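Input: a single structure, listed below in structure tokens.
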Amino acid sequence: MTIRELLEGVEYKLIAGSIEKTVTSVEFDSRKIADGSCFVAVKGFTSDGHSYIDSVCGKGAALVVVEEGNETFTEDDLKAMSEKSGTTIISVPDSRKASAYIPATFFGNPEKKIDMIGVTGTKGKTTITFMITDMLEKAGKTTGLIGTVYDIIGNEKVHASHTTPEARDTYELLGKMANIDTDACVMEVSSQGLKLDRVYGIEFKIGCFTNFYEDHIGGNEHPDMEDYLRCKLKMFEQSKIAVINMDTPVSGEFYVKANQCGCQIITYGLTEGCDVQAYDLENGMKDGRAGTYFSITSPWYSGRFFVAIPGQFNVYNSLCAISAAFLSGATPEAIERSLSTIEVPGRLQPVKNDLGITILVDYAHNAASLENVLDTLKQTTSGRVITVFGCGGDRSHTRRFEMGEVAGKKSDYTIVTSDNPRTEDPEVIIGHIVSSIEKTSGKFETVIDRASAIRKAIEIANEGDIVLIAGKGHEDYQIFATQTIHFDDVEVAAEAAKKVREERS
């Protein structure tokens with residue numbers, strides 16, 4: 001389309017060039033610029049897209065979008081670049097919002113052709129989005145997914161680089177979904193995605209709030225909990241229906257925000273008065289899988305369900321998904337079939353073995369998540385719970401001490417190992433964790449190499465024990481200072497269990 005068409009509805013100032021030129025792609029990454037591209041210069045945490053404008057013009061960009069008041073180049077500098085390269089340059093009040101609005105137009109506003117369902121909150125987003133997607137698919141609706149593990153477009157699964165992609169990538173994904181007549185798209189909406197306007201311009205038919213815990217506080221994330229909460233609350237500014245977990249300390253703030261935004265509100269929880277309420281929870285088995293039976297009352301259906309992932313927190317996840325699914329036209333039968341067979345990569349994901357032990361891989365990478373998982377597992381086994389975990393480098397140090405304390409108090413035995421050390425010394429990270437475990441009465445040892453740690457846990461597990469491998473979940477890599485290697489906890493655990501079995505035969 002032409003620049004004029006692309007900028008329809010955008011407030012901008014033409015600095016130099018013609019708006020009748022044709023644009024062939026929209027990019028925010030200067031490395032992807034080709035002849036005819038539109039480049040939107042956005043200032044990030046570590047780099048500023050404005051510093052690449054000269055290079056982008058030299059690559060044949062048709063249009064460059066800059067933010068008013070940027071200090072990288074003067075208007076005279078930009079005019080000189082335009083005259084030399086033929087690139088049209090405009091300025092906008094907010095280039096980050098423009099980086100969403102412009103690709104939405106370029107890809108044909110696909111978000112208006114699909115029922116959008118967004119899920120935000122500290123924990124549970126991945127599990128809930130997988131649940132909703134599966135429920136709607138079983139109800140006969142073609143459903144896409146954008147999230148942490150991977151994106152789903154029809155029958156295709158695409159590697160995901162962020163929980164919530166940059167806006168340009170989101171709109172491209174939605175464009176592909178719209179082209180195959182997708183009915184609905186279920187999307188994890190992170191606090192960073194909201195803060196950085198990655199979902200700007202999307203109106204969610206349903207916006208879900210799960211819970212709120214201390215997390216993502218740091219230099220390149222949120223400066224404090226107030227900022228974290230404020231960003232989460234933005235979800236309902238773009239939602240028609242708000243689905244809210246009322247059993248959290250901040251639920252009232254989300255309820256007030258949803259009400260101020262004119263949302264229809266559906267509440268869920270285990271306490272009386274919720275629109276969708278669960279009660280009579282009972283740990284159990286169904287078709288060889290551990291989980292929880294629970295009954296619900298709701299505006300659409302009252303009855304009993306079984307969710308094939310154990311833990312009270314997965315009942316909460318189920319309630320959120322059930323609410324969104326019913327609001328989207330799913331039947332009780334479709335929801336029941338989905339919950340009883342649901343599997344979510346890296347979320348209490350079982351590893352098959354012939355050792356008589358339970359091996360589970362989970363993404364629990366903060367204290368609250370680890371505590372929830374360990375409490376659940378202690379309730380489901382008469383054996384020991386052996387935990388293998390580490391903490392990521394270049395991330396909050398507080399998390400290490402908190403997780404160490406939880407592991408020491410809640411695990412029968414802990415093996416502390418490496419996670420993604422990044423640029424930090426793995427032994428230093430392990431030392432931080434150990435310093436907290438030592439304050440408890442918990443038994444532990446350290447094994448720096450993660451594969452060896454997983455093997456050790458499986459070797460010492462007795463029949464009936466549970467081995468929990470926590471922290472990385474669905475990730476299939478391990479990041480070191482000098483390299484990133486392929487590493488999948490499920491694969492490593494399966495191979496270790498196989499070798500242990502062979503050695504014992």
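Derivation of every value follows stated rules applied to the coordinates shown; laboratory data play no part. Please read these numbers as outputs of a predicted model, since none were measured by experiment. Because the Cβ atoms are built from the backbone with ideal geometry, glycine has one as well, and the counts that use them run over all protein chains shown.
Here are a few things to note about the model shown:
- Scoring 93-106, 28-41 by mean Cβ neighbours within 10 Å over their residues and listing the highest first yields 93-106, 28-41.
- Here ILE153, ILE266 are placed in order of increasing Cβ neighbour count within 10 Å, fewest first, which gives ILE153, ILE266.
- Nearest-ten-degree value, helix 332-341 long axis tilted from longest Cα axis of the chain: 70
- Loop-located trypsin sites (Lys or Arg not before Pro) in the stretch 260-369 whose Cβ has at most 10 other Cβ within 10 Å (DSSP): LYS352
- Across the options PHE401, PHE480, GLN264, the greatest Cα extent toward the positive end of the charge dipole of the chain (unit charges at beta carbon of Lys, Arg, Asp, Glu) belongs to GLN264.
- Mean residue ellipticity at 222 nm, helices only, the chain: -10500 deg cm²/dmol; runs of at least 4 DSSP H residues each add -39,500 (n - 2.57), and the sum is divided by the number of residues.
- Taking every Cα-Cα distance in the chain and sorting them into 20 Å bins from zero, the calculated P(r) comes out as 22, 50, 25, 3 percent.
- The stretch 24-118: GluC sites (Glu not before Pro) in DSSP coil with no more than 16 other Cβ atoms inside 10 Å: GLU68, GLU71
- Least to most buried among ASP419, ASP425 (fewest other Cβ within 10 Å first): ASP425, ASP419
- Å³ per residue enclosed by the Cα convex hull of the stretch 349-504: 95
- Sequence-separation-based contact order of the chain, relative, with Cα cut under 8 Å and 6+ spacing, percent: 10
- Per-residue Cβ neighbour rank within 10 angstrom, fewest leading, GLU137, GLU8: GLU8, GLU137
- Between the Cα long axis of helix 367-380 and the first principal axis of the chain there is an angle of about 30°, rounded to the nearest 10.
- Percent RCO, i.e. relative contact order, over the stretch 73-163, from Cα pairs under 8 Å lying at least 6 residues apart: 12
- Taking every Cα-Cα distance in the stretch 99-162 and sorting them into 5 Å bins from zero, the calculated P(r) comes out as 4, 15, 21, 26, 20, 11, 3, 0 percent.
- Taking Cα atoms only, the orientation of helix 489-504 departs from the longest principal axis of the chain by about 30 degrees.
- Calculated on alpha-carbon atoms, Rg and Dmax of the stretch 109-341 in Å: 16.7, 47
- Selection of GluC sites (Glu not before Pro), the stretch 336-411, meeting DSSP coil and at most 15 other Cβ within 10 Å: GLU343
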